[in-house]
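Step one of this worksheet: look at the structure below.
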Amino acid sequence: MSAVGLPPGFQDKTFIVQGFGNVGMHSMRYLHRYGAKCVGVLEFDGSIFNPEGIDPKELEEYKLSNGGSIMGFPGAQTYEGNLLYEKCDILIPAAGEKVINKHNAPLIKARIIAEGANGPCTPEADKVFLANDQLVIPDLYLNAGGVTVSYFEWLKNLNHVSYGRLTFKWERESNYHLLESVQESLERKFGKMGGRIPVTPSADFQNRIAGASEKDIVHSGLSYTMERSARALMRTSVTYGLGLDMRTAAYVNSIEKIFRVMEEAGLTFA
């Protein structure tokens, strides 16, 4: 993050979303949840802007009640001009292909361009961003979450068993045994003091005590997969001296994986 002049983490970072469909809406939700602030949204019929921040839930509810349009949203002002060029930390093009090219890339002030759509930046735009030390998080990585979850669903269908079904009871009983173990340890150390020492689980632990739901397992698996892939991209970038060129790092990672599989299958020649 220091390479693009930003501190780590999402807290207090500003972002603009192009496209308030599934990708844009959920991106806005998650970034907002982790402390980032959405200052603008572009849609097919116009743009809205609020430097103090736009609430994703309020905007979603307004869009549903306003015939699918975000225009006129009371929590922001209509933006005149092209919102892509407004100053922010993160720009999320989550609408169409090739919206950022060699002509308009120099006008973009965001330090991070996160490709929510398929191919929103052209190769010429990539060159501009690299020259200006702006980080492009490529679509090959960033919008792979849907495909990853589809893979999880495929595995579930192959097994004909829902996630968590085989371990649900074990996890629930293990959590209760954990609480009992803590209670017994405290009583051995300090005595019962005229009665048992109560061990009360925190609210977070109480929510988890019954074991993970299928949704929890999928979210956990997705988070682990994406975090592991992000670390792999960064390692590849360092290994090959690619700097901020995460797109090339993603391609290298993919090609190396294909090669390893083919090599192990005996389909390559030394």
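The values are calculated or read from the model by the stated rules, or taken from the named source; none is laboratory data. All figures in this text were calculated on a predicted structure; none of them were measured in a lab. Every residue, glycine as well, gets a Cβ built from its backbone with ideal geometry; the counts of neighbours run over all protein chains shown. For accessibility, only protein heavy atoms count, side chains too; no ligands or nucleic acids. Shrake-Rupley method; radii C 1.70, N 1.55, O 1.52, S 1.80 Å.
Let's see how each residue does on (1) without any contact (Cβ under 8 Å) to a residue 24 or more places away in the chain; (2) farther than 30 Å from Asp133 by Cα:
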position	(1), (2)
Glu173	yes, yes
Val199	yes, yes
Ala210	no, yes
Ser229	no, no
Met234	yes, no
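Based on this model, can you work out whether Asn132 counts as in contact with a Ser or Thr (Cβ under 8 Å, 6 or more places away or on another chain) and among the polar types (S, T, N, Q)? So Asn132 does not fit the description; no.
With respect to Ile48, determine if the residue is assigned to a loop (DSSP other than H, G, I, E, B) and open to solvent by less than 20 Å² (accessible area, probe 1.4 Å). No. Answer yes or no: is there a residue in segment 15-27 that is aromatic (Phe, Trp, Tyr) and open to solvent by 30 Å² or more (accessible area, probe 1.4 Å). No: segment 15-27 contains no residue that is aromatic (Phe, Trp, Tyr) and open to solvent by 30 Å² or more (accessible area, probe 1.4 Å). I'd like to know if segment 141-151 contains one or more residues that are modelled with pLDDT of 85 or more, of a type outside the set (Asp, Glu) and more than 25 Å from the chain's Cα centre (by Cα). Checking segment 141-151: not a single residue is modelled with pLDDT of 85 or more, of a type outside the set (Asp, Glu) and more than 25 Å from the chain's Cα centre (by Cα).
Could you say whether any residue in segment 9-29 is touching a Pro at 6+ places or on another chain (Cβ under 8 Å) and in a loop (DSSP other than H, G, I, E, B)? Yes, segment 9-29 contains at least one residue that is touching a Pro at 6+ places or on another chain (Cβ under 8 Å) and in a loop (DSSP other than H, G, I, E, B). Note on segment 207-221: among residues that are touching a helix residue (DSSP H, G or I) at 6+ places or on another chain (Cβ under 6 Å) and modelled with pLDDT under 80, the one that is nearest to Val161 (Cα to Cα) is Gly211.
Inspect all residues belonging to segment 73-94 and state whether any of them is more than 21 Å from the chain's Cα centre (by Cα) and basic (Lys, Arg). Yes; the residues of segment 73-94 include at least one that is more than 21 Å from the chain's Cα centre (by Cα) and basic (Lys, Arg).
When the helices (runs of 4 or more DSSP H) confined to segment 97-186 are screened for residues that are closer than 24 Å to Met226 by Cα and open to solvent by less than 50 Å² (accessible area, probe 1.4 Å), those reaching at least 3 such residues are found at 145-159. Scanning segment 78-126 for residues that are within 16 Å of Ile16 (Cβ to Cβ) and of a type in the set (Asp, Glu) gives Glu80, Glu86, Asp89, Glu115. When the residues of segment 70-84 are filtered to those that are of a type outside the set (A, V, I, L, M, F, W, C) and in contact with a strand residue (DSSP E or B) (Cβ under 7 Å, 6 or more places away or on another chain), the one that is most open to solvent (accessible area, probe 1.4 Å) is Gln77.
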